[in-house]
Amino acid sequence: MEANTQITDYLKRAVEDGASDLFIVSGSPVCEKKEKRLVRMDDNMLLPDDTQRLIDGLYKLAKRPMDRFQQRGDDDFSCAVRGLARFRINTYRQRGSMAAVVRVVAFEIPNWLALGIPAQVMDLAELNSGMVLVTGTAGSGKSTTQACIINRINQEREAHIITLEDPIEYLHRNQKSIVSQREVAIDTEDYLSALRACLRQAPDVMLVGEMRDHETIRTAMTAAETGHLLIATLHTKGAVNTIDRIVDSFPSGQQGQVRVQLSMVLRAVVSQQLLPGINGELTPAFEVMHMNSAIRSLIRDSKTHQIDSAIAAGGAEGMITMDQSILKLYKSGSISKETALNYAENPDQMGRRL
């Protein structure tokens, strides 16, 4: 079978099965991930030649040269298959053979209500300036949450929205806003140079797919200080870890100044994770921290360990801790008691509440 046809068949089946990811690795059949479980798509054990043929097919579908992969040993890109879906692809070498992980991304931006995203997260679209951080581990749904917030702004405001992504996942059509989507390594060299250029492109809203180093973080904070709304991603779990990660990325002599700057520019931190639901589907749990004078003081005074208590007490301001969110999911019948205990930040306290 021709490589293009074979890889398209696998992609089609992954979409039909509702899989989140597809794995092409030598020494195993092609597998798909459904509800955090790996499922073999057939019994054909892949050899290095097989993985190379399938990955050649992915590059042909994307109409992308393999130069970057051959130089670096890994590559990130995306492609669309007409009438099927978009796919975010990471190719890499392992044990001398080619391998790939393919993330399935729907063409249409999902309905936030159907996904279980809380209204207080969607209300962040109403902010006009400052920094909003969407955090969580890999595969926790951060990109989808960001896409829903950007889509809300696009529907309701006349703004210039610039997204910097690696690679682009969801495509935004111009509605009330103009949306410029830039892909790292194709439209721009890297996040830092794109972010610096972004400030000369009359943006109202900026989305940064990932803040990877202190230079990018510093530029992002400066952009948010100058009257723009900046939404960014960090691979951290919880507001406290997020703030500590940002501060710790700077040299020790600059950390006091960064705490002060962060306390002024930060507007909200949303942290999320996906939990296995009773109905077999993944259910999101969210921690939401909005800035108030108490949390600003805790960040400035390096007392981030007290922030969790401030979030727990901030329900009237739209705040919720991860454990409060998990408890809410359990009480609504969305998740089991076992799942609530397994994913709780404080299992002992969760056990007493249950």
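The values are calculated or read from the model by the stated rules, or taken from the named source; none is laboratory data. Just so you know, these numbers come straight off a predicted model, no measurement behind them. Positions of Cβ are backbone-derived with ideal geometry, glycine not excepted, and every protein chain shown enters the neighbour counts.
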> Would a scan of segment 251-259 turn up a residue that is among the aliphatic types (A, V, I, L, M) and more than 23 Å from Asp166 (Cβ to Cβ)?
Replying inline: yes
>> What's the total number of residues in segment 170-203 that are in a helix (DSSP H, G or I) and under 24 Å from Phe87 (Cβ atoms)?
In response: 2
>> Out of Gly315, Gly277, I need the residue that is in contact (Cβ under 8 Å) with a residue 12 or more places away in the chain and of a type in the set (Gly, Ala, Ser). Which one?
In response: Gly277
> Within the group Ala224, Ala239, Ala220, Ala232, which residue is touching a Gly at 6+ places or on another chain (Cβ under 6 Å), surrounded by 17 or more Cβ atoms within 10 Å (Cβ to Cβ), of a type outside the set (Val, Ile, Thr) and within 25 Å of Met319 (Cβ to Cβ)?
Replying inline: Ala224
>> Exactly one condition in (1) touching a helix residue (DSSP H, G or I) at 6+ places or on another chain (Cβ under 8 Å); (2) touching a residue at least 24 places away in the same chain (Cβ under 8 Å); (3) within 19 Å of Ile89 (Cβ to Cβ) is false for Ala147; which is it?
In response: (1)
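One line per residue, one yes/no per condition, for (1) out of contact with any His (no Cβ under 8 Å at 6 or more places or on another chain); (2) modelled with pLDDT of 95 or more:
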site	(1), (2)
Ile178	no, yes
Ala185	yes, no
Tyr191	yes, no
Ala202	no, no
Ala224	yes, no
His235	yes, no
> Quick check: anything in segment 102-116 of a type in the set (Lys, Arg), modelled with pLDDT under 95 and in a strand (DSSP E or B)?
Replying inline: yes
> Among the residues of segment 150-183, which ones are in contact (Cβ under 8 Å) with a residue 40 or more places away in the chain and aliphatic (A, V, I, L, M)?
Replying inline: Ile150, Ile153, Ala159, Ile161, Ile162, Leu164, Ile168, Leu171
> Can you find even one residue in segment 126-136 that is outside any strand (DSSP E or B), in contact with a Pro (Cβ under 9 Å, 6 or more places away or on another chain) and surrounded by fewer than 16 Cβ atoms within 10 Å (Cβ to Cβ)?
Replying inline: no
> Restricting the search to segment 108-144, which residues are over 22 Å from Pro203 (Cβ atoms), touching a residue at least 40 places away in the same chain (Cβ under 8 Å) and more than 17 Å from the chain's Cα centre (by Cα)?
Replying inline: Gln120
> Can you name the condition, by its number, that Lys63 falls short on among (1) within 16 Å of Ile168 (Cα to Cα); (2) of a type outside the set (Ser, Thr, Tyr); (3) surrounded by 13 or more Cβ atoms within 10 Å (Cβ to Cβ)?
Replying inline: (3)
>> Any residue that is of a type outside the set (Asp, Glu) and within 30 Å of Gly18 (Cβ to Cβ) - is there at least one of those in segment 287-303?
In response: yes
> Where in segment 9-64 are there strands (runs of 3 or more DSSP E), lying fully within it, with 3 or more residues that are under 23 Å from Phe77 (Cβ atoms) and within 24 Å of the chain's Cα centre (by Cα)?
Replying inline: 21-24, 31-34
> If we scan segment 204-214, do we find a residue that is in a loop (DSSP other than H, G, I, E, B), over 20 Å from the mean Cα position of the chain (by Cα) and at pLDDT 95 or above?
Replying inline: yes
> Within segment 157-169, how many residues are crowded, with 17+ Cβ neighbours inside 10 Å and assigned to a strand (DSSP E or B)?
Replying inline: 5
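Name the residues in segment 70-92 that are without any contact (Cβ under 8 Å) to a residue 24 or more places away in the chain and either crowded, with 20+ Cβ neighbours inside 10 Å or not polar (S, T, N, Q) (or both), would you?
Result: Arg72, Gly73, Asp74, Asp75, Cys79, Arg82, Gly83, Tyr92.
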> Within segment 215-249, restricting attention to residues that are touching a helix residue (DSSP H, G or I) at 6+ places or on another chain (Cβ under 8 Å), polar (S, T, N, Q) and not in a loop (DSSP other than H, G, I, E, B), which residue is farthest from Asn292 (Cα to Cα)?
Replying inline: Thr216
